[in-house]
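Below is one structure, written out as structure tokens, with a few remarks after it.
The values are calculated or read from the model by the stated rules, or taken from the named source; none is laboratory data. Worth saying up front: this structure is predicted, and the values here are computed from it rather than measured. Glycine also receives a Cβ, built like all others from the backbone with ideal geometry; neighbour counts cover every protein chain displayed. Accessible surface is based on the protein model in full, side chains and every heavy atom, while ligands, DNA and RNA are left aside. Shrake-Rupley method; radii C 1.70, N 1.55, O 1.52, S 1.80 Å.
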Amino acid sequence: MTDAIEATGLGKRYGRRWALRNTSLRVPEGRVVGLVGSNGAGKTTLLHLSVGLLDPSEGHITVLGDRPGSGARQLARVGFVAQDAPLYNRMSVNEHFRMGVRLNPHWDATVEVDLHDRLDLDPRQRAGALSGGQRAQLALALAIGKRPELLVLDEPVASLDPLARREFMQSLMSLAADGLSVVLSSHLLSDIERVCDYVIVLAHGEVRLAGDVDALLAEHRVLTGPRRDPLRLPAGQTIIRERHTDRQSTVVVRTTGEVLDPSWTVSELGLEELVLAYMESATTPTTRLRSVGSPP
Amino acid sequence: MIEFRVETTSGIAPYRQIAEQVRHGLRLGILDVGDQLPTVKEVVAMVAINPNTVSKAYRELELEGLVEGRAGIGTFVTRTLAGPSLAAHGELRRTLLAWLESARRAGLDDASIDALVEHAFHDARQDGVA
Amino acid sequence: MTWLAWRQFRLQALIAASAAVGVLIALAASRNHLADIYSATGTHELTGVYVWLRLLGTVLIGVPAAIGAFWGAPLVAAEIEAHTNQLAWTQSVTRRRWLGTKLAITALVAAVTVGLFTAAFTRWAAPIDALGNRVGTANFGQRGIVPIGYALFALALGALLGLVIRRTLPSIAATVVVFIAVRMAFQQLVRPRLIAPVEMSTPTFDHGSLGGWILSTRTVDVNGRMIDGFENEIATICKITRATPDYERAIDACARGLGVHDITRMHPPDHFWTLQYYEFGIFVALAAALAAASFHIIRRSPA
């Protein structure tokens, strides 16, 4: 099976600043992938590289086995909704669908009917007059109308109110249930936790963590116990983040086996906590990340 | 048909929430043998969660022998958890409501009622009653 | 893609077409009357509404720059600014086809409207040109087919600058500046050398019109040597002073008597169409080169 996205040594530079570096990834097909990281961590850059809106400065990326944006056929296989769902403000809803029909060879006309059923839009309304939620839904409909194999979304729900966000995610998950691969970036970790089964954490233009959510949760534990600083852990346990108060130490570890030391209270952690641990480890120099990579 | 809810702030993995809600339905008789569970697509369209999460919950229930997936048709309940006790539910529920009523009259708020029930539950378990 | 390109451009196209038709009607309505005035009076002094209509020629000089600025520069830059290029470039159409279609449709409308405008104005101005001078720098760019070449060049220039600068307003400014610079430089440095000018011997101090584009004039003596400060010399030789009645005619007569005359390098009126064809061809070729550069750049252009 080809991977949805495969990157080796991928990097993108703007002038002298590297927006993304040393990125090697393999994202299998049929997943809903969450891409998380602080602002400026390189999320948009990675997404733009994967839809062919940017060219790598170094390394390689293939999407569904081909170079992104390498031709009309490859373009037809990947749907994209850019940040803030750009649309032609002076064109009507109707005309956007006409554009979809004209510019895509395998156009699925049902997306138009479906959108009108759900949103009760006036087809003659100009895109510039739509609400944020309507824009996002229209942009999503355009992206899936081309019947892509992979759907890439850059912060699709950032500007939506909670109800519109829920509706958007419902549409998206129905598509995922039909086997569509999805990659989306978001700051909303609760959304990521709900909808994603694969996660990629970016920080300072590098991948800190990538892998299947369940597998990652199974390999990480929070250890709480009396203060221990400096901290030594047995082989097979890697510190992701450590925090010390005057009495207590709290450590997030990645471990290959059970934690046997009885002085620790061991608990599992949720995706949100896990992601935050990796994001924090990238910002505080005292708790530097000591090992990075995706599970085998 | 059963309605699912998924709460991400609960700290419980979404697939466990789904599985638990099915078990809950089986215990209370909301779901009975032969009933069809909502399809994966129906669930994700309802609660906006990852489809693999739903499949995983259904797989877990299948391993427990509670449901059975039939290829191309759906997932069906094969065993109920209600058992013979279901008949007693009505009466128990009535006395419990009466008890709650008296607790309220005695001035207990929800948190105090919770704490009291929890405490009693704990004691009973230690005495080997429950 | 044609549908989208036309949908985005149809309003501008409509405005341009209306303007062209308006100009056509105004010029057609006044053409016969203008010809009457000329054949009756034989003068090239214009009055009233004709002065205004003649200004259309000046407008015609500005039209290609406006096309570059308002159609060319925003063609890509406005989409980059509004991020709609991220929508367009992820449809199942390559960026080259996207740009190619947009450029082609805009170029077609530009060529047709400018072509109609110029043809109408050239016909209208024919009586003026018959007495005057259409090869000269003032009129050459308002007549014939070169305005079409300018328009296509300005359009391709604007599109390329928009693609490189990525912001609409700076691209518009850059387009206007570069277009004017190229047009002026071409007029001063290239056009005179496109074909060999003609050298003519004319009497010195002849103040009549030669009806062509004079590139240079030098005064020579009877042996063909160039002379300087001749007016004072001649005046001294023939003993003419400022007090002499009919000073100018006396100087003329004296110069002729001495064999002093002017050598004038010029493009006569019959060079008009040859110069037009060459200049049109060169500007169209420049436009094609700029468009090719855009096609090359857009493939790797960041979104």
- Item | Average other protein chain Cβ within 10 Å of Cβ, residues C:77-89 | 4
- Item | Those residues of segment B:1-45 whose amide nitrogen sits under 12 Å from the label point placed on residue B:78, 7 Å along Cα→Cβ | B:34
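Set the Förster radius R0 to 35 Å, insert the Cβ-Cβ distance between residue C:78 and residue C:190 as r into 1/(1 + (r/R0)^6), and round the FRET efficiency to 0.05.
0.60
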- Per-residue accessible area, 1.4 Å probe, largest first, puts B:62, A:112 in the order B:62, A:112
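Using a cut-off of 14 Å between beta-carbons, work out the net charge of the residues near residue A:101 (Lys and Arg +1, Asp and Glu -1, residue A:101 not included).
For residues surrounding residue A:101, the net value is +2.
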- Message: Taking the Kirkwood radius as the inverse of the mean 1/r across Cα pairs, report the Rg/Rh of segment C:1-144.
- Response: 1.13
- Query: What is the average number of partner chain Cβ atoms found within 10 Å of a Cβ in A:164-175?
  - Reply: 4
- Sticking with the crude label model, points 7 Å out along Cα→Cβ, report the distance from residue C:247 to residue C:15 in nm, one decimal please. 5.6 nm
- Query: Taking one equal scatterer on every alpha-carbon of chain A, how large is log10 of I(q)/I(0) by Debye at q = 0.15 1/Å?
  - Reply: -1.13
- Note on the structure: Of all trypsin sites (Lys or Arg not before Pro) in segment C:212-303, the ones in DSSP coil with at most 11 other Cβ atoms within 10 Å are C:225, C:239, C:242
- Non-local amide H neighbours of residue A:57 (under 5 Å, H modeled in plane, Pro and chain starts lacking H): which ones? A:11, A:12, A:13
- Message: Based on alpha-carbon centroids, what's the gap between segment A:1-20 and segment B:50-66 in Å, whole number please?
- Response: 36 Å
- Message: Taking 8 Å as the Cα distance limit and 6 or more residues as the minimum spacing, I'd like the relative contact order of chain B as a percentage.
- Response: 23 percent
- Cross-link reach list, lysines versus residue A:12, counting only Cα pairs under 25 Å and skipping chain neighbours closer than eight places: A:43
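Can you pull the mean other chain C-beta count within 10 Å for peptide B:28-41?
Working: counts 0, 0, 0, 0, 0, 0, 0, 0, 0, 0, 0, 1, 5, 6.
Per residue, the average neighbour count from other chains is 1.
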- Query: How would B:122, A:244 rank on accessible area, largest to smallest, probe 1.4 Å?
  - Reply: B:122, A:244
- Note on the structure: Here the membrane-span-like helices of chain C, with no claim about any membrane, defined by DSSP H, Cα axial extent at least 20 Å and mean Kyte-Doolittle at least 1.6, are C:49-67, C:146-165, C:168-185
- Counting residues in segment C:250-303 as N, plug N into 2.2 N^0.38 Å and put the Cα Rg over that result. 2.47
- Message: With angles folded into 0 to 90 degrees, how steeply does helix B:110-126 sit against the dominant principal axis of chain B? Use alpha carbons for both and round to 10.
- Response: 90 degrees
- Please list the helices of chain A that count as membrane-span-like by this rule: a mean Kyte-Doolittle hydropathy of at least 0.5 together with Cα atoms stretching 18 Å or more along the helix axis, each helix being a complete DSSP H run. A:132-145
- Pairs of Cα atoms under 8 Å, at least six residues apart: use those to get the relative contact order of segment A:38-81, whole percent. 29 percent
- Message: Among B:10, A:38, B:97, whose Cα projects farthest towards the positive end of the dipole of the protein assembly as shown, with charges put on the beta-carbon of Lys, Arg (+1) and Asp, Glu (-1)?
- Response: A:38
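Extension gain residue B:88-residue B:109, at 0.36 nm per residue separation less the Cα-Cα distance, in nm?
4.8 nm
Divide, for segment C:198-267, the radius of gyration over alpha carbons by 2.2 N^0.38 Å, where N is the residue count.
1.15
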- Note on the structure: In the neighbourhood of residue A:64 defined by beta carbon distances under 9 Å, the net charge of the other residues (Lys, Arg +1; Asp, Glu -1) is -3
- Query: For chain A, what relative contact order do you get, as a whole percent, if you take Cα pairs closer than 8 Å and at least 6 residues apart?
  - Reply: 19 percent
- Within segment C:263-291, find all residues whose amide N lies under 17 Å from a label point positioned 7 Å from the Cα of residue C:178 along Cα-to-beta-carbon. C:283-291
- Message: So for each of A:93-106, C:56-69 I average, over its residues, the number of other beta carbons within 10 Å; can you give me the resulting order with the highest mean first?
- Response: C:56-69, A:93-106
- Could you tell me which of rounded, prolate or oblate describes segment B:8-81, using a ≥ b ≥ c as the square roots of the eigenvalues of the alpha-carbon gyration tensor, with rounded for a/c under 1.5 and, failing that, prolate when a/b is larger than b/c and oblate otherwise? oblate
- Using the per-residue mean of other Cβ atoms lying within 10 Å as a proxy for protection, in what order, highest first, do the peptides A:229-236, A:202-209, B:11-18 fall? A:202-209, B:11-18, A:229-236
- Query: Karplus couplings for segment C:196-201 from phi (6.51 cos²θ - 1.76 cosθ + 1.60, θ = phi - 60°), rounded to Hz, Gly and Pro as x?
  - Reply: 5, x, 9, 9, 10, 9
- Query: What's the FRET efficiency of residue C:7 with residue C:169 using the Cβ-Cβ distance as r and R₀ = 35 Å, to the nearest 0.05?
  - Reply: 0.90
- Query: What is the list of residues in segment B:10-25 whose amide nitrogen lies under 11 Å from a point 7 angstrom out from the Cα of residue B:41, following Cα to Cβ?
  - Reply: none
